[in-house]
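Engineer: The following block contains the structure, expressed as structure tokens.
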Amino acid sequence: MLDAFSRAVVSADASTSVVSDLAGLKAFIASGNKRLDAVNAIASNASCMISDAVAGMICENQGLIQAGGNCYPNRRMAACLRDAEIILRYVTYALLSGDASVLDDRCLNGLKETYSALGVPTTSTVRAVQIMKIQAVAHITDTNTEANAGKKFRKMGSIQGDCSALTAEVSSYFDRVISSLS
């Protein structure tokens, strides 16, 4: 697993030069508190995000919970929730470190092949990941509302400053998962 600093050192070492991306490293340090707040916003709401994403996926494809569906019986539903949790966890690890290598190495490497071998419909999984992506961006930008969340509403308090770079970064990690499964 690499973070922004390790990646800079490894790339400099590979080219036998000094670390040249000091501006990028300074920007990573400057965004540290925002990055931690974004990770906290996602991690604090993870269980709701996961259950809502899987519920949304099922609402769009009722056959998943019918006899013979991929979320029937309960053990398959539990596996679906577990997999969504793992994906979300590795996306937050990538966001925290500023590098997607942990997501690629520990989560996405062989995931599509495993799902194909088990008969898991990747289109449904992709839809759940898309829903989690929308939720993560809403939590980072603090645009979630009580009208949308109902009793589950939890306002984190807005992250100070412009979060467009963080939302773009977390979106790219979710997009990486989606393209890996597609």
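None of the figures in this text is laboratory data; all of them are computed from the coordinates on show. Just so we're clear, the structure is a prediction, and the values are computed from it rather than from any experiment. Methodologically, a virtual Cβ is constructed for each residue, glycine included, from the backbone with ideal geometry; neighbour enumeration extends over all protein chains shown.
Engineer: So what is the relative contact order for the chain, in percent, with contacts set as C-alpha pairs under 8 Å and at least six apart?
Structural biologist: 27
Engineer: Between the helical axis of 4-14 and the dominant principal axis of the chain, each derived from Cα atoms, what acute angle in degrees is found, rounded to the nearest 10?
Structural biologist: 60
Engineer: Given a Förster radius of 35 Å and the C-beta distance between residue 67 and residue 134 as r, what FRET efficiency does 1/(1 + (r/R0)^6) yield to the nearest 0.05?
Structural biologist: Efficiency, from the Cβ-Cβ distance: 0.70.
Engineer: Next question, about the same structure. Return one number: the angle in degrees, 0 to 90 and rounded to the nearest 10, between the long axis of the Cα atoms of helix 74-97 and the longest principal axis of the Cα atoms of the chain.
Structural biologist: 10
Engineer: Place a point 7 Å from Cα of residue 171 in the direction of its Cβ. Which residues in the range 87-126 have their backbone N less than 17 Å from it?
Structural biologist: Within reach of a label on residue 171, which here means backbone N under 17 Å from a point 7 Å along Cα→Cβ, the range 87-126 contributes 95.
Engineer: Give me the extension gain from residue 74 to residue 12: residue separation times 0.36 nm, minus the current Cα-Cα distance, reported in nm with one decimal.
Structural biologist: 17.3 nm
Engineer: Run the quick spin-label model on residue 60 and residue 25: label points 7 Å from Cα toward the beta carbon, then report their separation in nm to one decimal.
Structural biologist: Placing both labels 7 Å beyond Cα along the Cβ direction yields 4.2 nm.
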